[in-house]
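Below is one structure, written out as structure tokens, with a few remarks after it.
The values are calculated or read from the model by the stated rules, or taken from the named source; none is laboratory data. Treat the numbers as computed from the prediction; the structure is a model and nothing was measured. Cβ atoms come from the backbone with ideal geometry, glycine included; neighbour counts cover every protein chain shown.
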Amino acid sequence: MSRAIHDGNETIRYVAYLAVGVVLAIGLGIVQPGEARALYHDRGYGEPYELAGNRIVFTTWYWVRPGQFDWQNDAGESVYANRNVMAEANDPHTHWKEIDAPTGIRLVVEPAQKGTFPIEPEYPWEADGIKIQALLQLEERIMAWGQCKPGGACYFESTDGTTWQRPKLGLVEFDRSKDNNLVPSVMGRVCYDPTAPPEERFKAASNSSYDLEAFESYKQRRPWSRMATETDPGRVHAIFGYVSPDGHQWKQLPDPISVEVSDGGQYVYYDPKLEKYVMYQRTYMVGPRAEGFPLKHQRWHAFGHRRAIGRSEASDFNQFSLSEVVIETSNDMAPNDTFYFCTYTTVPGAPEHHLMFPSRYIQAEDTTAIDLYTSYDGKTWHRAPGSPVLRPSGYGQWDGGAIWIPNPGLAELGDGRWVIPYRGDPLPHKYPRGYYAEDWGMAYWPKGRMMALEAPNEGSFTTQAFLAPGNTLRVNALTSRAGGIWIEAADFNGKPIPGRTFDDAIPIIGDQHRTQVRWKDADDLGVAPGEPVVLRFRMKKAKIYCLDFE
């Protein structure tokens with residue numbers, strides 16, 4: 001590698017020259033703009049960011065500036081990596097400077113609590129109980145699907161998660177009447193696609209076998225995975241897409257959307273930033289077989305494959321690329337831990353905050369745990385510090401053997417709780433038993449306190465510049481009696497806004513849920529909605545869970 005790459009100042013010049021070269025190449029028509037996307041996004045990169053909703057939750061470091069560190073002389077001038085200045089060891093005239101650098105903070109996750117969903121039986125088809133299995137929050141509406149005993153699959157909706165309506169759908173007959181909220185089936189992994197025609201607004205995916213004769217034609221037209229035909233000789237594994245106008249009546253698309261192995265747990269959604277469909281599915285952490293050796297099908301040979309979670313994209317919902325592994329058994333896990341359901345969802349009110357609740361199968365104990373993974377783009381995923389967020393209950397309990405979150409849907413109720421359904425089994429996953437039993441409960445986080453940015457002692461950080469969704473800031477935070485949070489608002493250039501400095505800040509102390517942030521003589525951010533703003537925080541013995549803008 002050339003000396004220019006190793007040299008600090010020369011590296012800066014190298015990158016600058018490269019950037020100018022790309023711009024000139026585009027301007028001169030040597031390359032087309034699309035060909036430069038490996039280096040530059042069409043919209044450019046960096047600050048200010050734009051929120052898809054009205055909320056920031058600290059699930060990754062994405063919204064926190066890394067800051068800058070600098071060596072400066074007595075005059076306050078930067079001499080950072082300056083080859084024209086020779087500083088002696090312990091030089092009193094060279095000073096270390098921190099600029100918007102985060103200090104004393106960490107990301108932490110809160111464990112979920114367990115409960116039941118707040119819908120009580122009212123009608124004969126619900127007399128023996130209601131088990132909610134899937135949620136979907138669409139702006140002001142929460143859609144819920146489940147099982148009503150003895151009626152079967154059923155549907156509810158609400159605007160606050162407290163009062164629930166039972167639409168009379170007229171789809172399923174019960175006691176010689178269709179005047180009820182029963183549906184033919186619960187699809188489970190349901191997403192809403194605002195870009196689709198009305199008859200295809202709701203989408204889902206599910207694995208199944210593909211007809212062998214139809215597959216012969218398919219593989220001439222589309223990519224396919226060899227593993228789809230090798231896993232079970234004589235069977236072709238495939239993923240089929242489903243569309244619906246209302247989430248109740250479903251139509252299967254004629255061709256698979258992908259031919260690959262996916263042992264349940266697929267989820268699809270439309271990503272407005274990518275302008276593409278994205279699918280997550282259960283796949284395998286496995287490599288190619290050496291040439292010249294036959295495929296073995298003995299039971300124990302199959303255990304050389306670790307289940308993982310894959311991701312694929314599509315411009316057309318009918319045709320997805322083959323998946324690539326995005327979550328696998330990490331180096332800090334046991335070597336025989338694997339993954340089942342991926343359970344993708346987003347933070348309520350913040351659709352660019354991507355979450356996943358994979359069910360991790362702990363084979364060494366024949367049990368499961370629910371981890372929390374977070375991402376800022378849906379591609380790069382990290383396990384949240386403090387995972388798992390949900391574990392089985394004690395021996396003999398209805399969810400004491402294994403727990404799962406097979407269907408997505410994190411929703412925010414009117415009381416501030418974030419909730420998601422989960423399934424519990426009384427016996428371990430592979431335990432021999434003469435019957436199969438399961439029940440459903442609700443995992444929840446009071447006041448939406450799932451993950452926080454914490455300063456155990458004293459800490460500080462600065463947000464990335466972003467376009468303010470509103471000029472009123474509310475904070476969801478918790479501090480000790482000896483702690484507090486102080487907030488400063490600055491413009492795009494980092495200059496404090498008059499009247500919104502740390503000296504003007506009224507501290508946030510105690511248990512504060514959606515509390516309005518105020519300064520001595522101001523109660524707004526000092527910028528109009530849609531203008532860039534930067535927020536600086538000083539914290540002491542405090543957790544910040546969420547920032548809301550109005």
* Being crowded, with 18+ Cβ neighbours inside 10 Å, out of contact with any His (no Cβ under 9 Å at 6 or more places or on another chain) and of a type outside the set (Lys, Arg) is the filter; apply it to the stretch 193-205 and report the residue that is farthest from Cys154 (Cα to Cα). => Ala205
* Asked: Within the stretch 322-339, can one find any residue that is out of contact with any helix residue (DSSP H, G or I) (no Cβ under 7 Å at 6 or more places or on another chain), part of a loop (DSSP other than H, G, I, E, B) and more than 24 Å from Leu390 (Cα to Cα)?
  -> yes
* Asked: Are any residues in the stretch 505-550 touching a residue at least 60 places away in the same chain (Cβ under 8 Å), surrounded by 18 or more Cβ atoms within 10 Å (Cβ to Cβ) and under 19 Å from Val108 (Cα atoms), and if so, which ones?
  -> Phe537, Arg538, Met539, Lys540, Lys541, Ala542, Lys543, Ile544, Tyr545, Cys546, Leu547
* Looking only at the stretch 367-380, decide whether some residue is aromatic (Phe, Trp, Tyr) and surrounded by fewer than 21 Cβ atoms within 10 Å (Cβ to Cβ). => yes
* Asked: Would you pick out the residues in the stretch 405-433 that are closer than 15 Å to Trp445 by Cβ and of a type in the set (Phe, Trp, Tyr)?
  -> Trp418, Tyr422
* Just one of (1) surrounded by 15 or more Cβ atoms within 10 Å (Cβ to Cβ); (2) of a type in the set (A, V, I, L, M); (3) touching a strand residue (DSSP E or B) at 6+ places or on another chain (Cβ under 7 Å) trips up Leu212, so point out which. => (1)
* Report the residue count in the stretch 487-504 for those that are at pLDDT 95 or above, more than 21 Å from Arg55 (Cα to Cα) and of a type outside the set (Ser, Thr, Tyr). => 8
* Asked: Which residues, taken from the stretch 143-173, are touching a Lys or Arg at 6+ places or on another chain (Cβ under 7 Å) and of a type in the set (Ser, Thr, Tyr)?
  -> Thr159
* **the stretch 366-398 - residue that is more than 23 Å from the chain's Cα centre (by Cα) and touching a residue at least 60 places away in the same chain (Cβ under 8 Å) and, of those, farthest from Ser206 (Cα to Cα)** => Ser393
* Among the listed residues Arg514, Arg481, Arg538, which satisfies the condition of being modelled with pLDDT of 95 or more, of a type outside the set (A, V, I, L, M, F, W, C) and touching a Cys at 6+ places or on another chain (Cβ under 9 Å)? -> Arg514
* Scan of the stretch 118-152 for residues that are surrounded by 15 or more Cβ atoms within 10 Å (Cβ to Cβ), over 26 Å from Asp193 (Cβ atoms) and hydrophobic (A, V, I, L, M, F, W, C), ordered by number -> Ile119, Trp125, Ile130, Cys148
* Asked: Mind checking which residues of the stretch 58-100 are modelled with pLDDT under 95 and of a type in the set (A, V, I, L, M, F, W, C)?
  -> Phe69, Trp71, Ala75, Val79, Ala81, Val85, Met86, Ala87, Ala89, Trp96, Ile99
* For the stretch 125-146, indicate whether the set of residues that are touching a residue at least 24 places away in the same chain (Cβ under 8 Å) and over 30 Å from Arg391 (Cα atoms) is non-empty. => yes
* **Residue tally, condition among the aliphatic types (A, V, I, L, M) and more than 16 Å from Gln252 (Cβ to Cβ), over the stretch 199-235** => 3
* Return the only residue of Tyr280, Tyr284, Tyr270 being farther than 28 Å from Glu213 by Cα and assigned to a strand (DSSP E or B). => Tyr270
* To do: Scan the stretch 436-473 for residues that are of a type in the set (Val, Ile, Thr) and in a loop (DSSP other than H, G, I, E, B) and jot them down.
  => Thr472
* Structure fact -> Of (1) buried (at least 20 other Cβ atoms within 10 Å of the Cβ); (2) part of a loop (DSSP other than H, G, I, E, B); (3) touching a Lys or Arg at 6+ places or on another chain (Cβ under 9 Å), Arg500 satisfies every one except (3)
* **Tally of residues being in a loop (DSSP other than H, G, I, E, B), surrounded by 18 or more Cβ atoms within 10 Å (Cβ to Cβ) and without any contact (Cβ under 8 Å) to a residue 60 or more places away in the chain across the stretch 166-185** => 4
* Wholly within the stretch 342-396, which strands (runs of 3 or more DSSP E) include no fewer than the required count, namely at least 1 residues that are touching a helix residue (DSSP H, G or I) at 6+ places or on another chain (Cβ under 9 Å)? -> 344-347
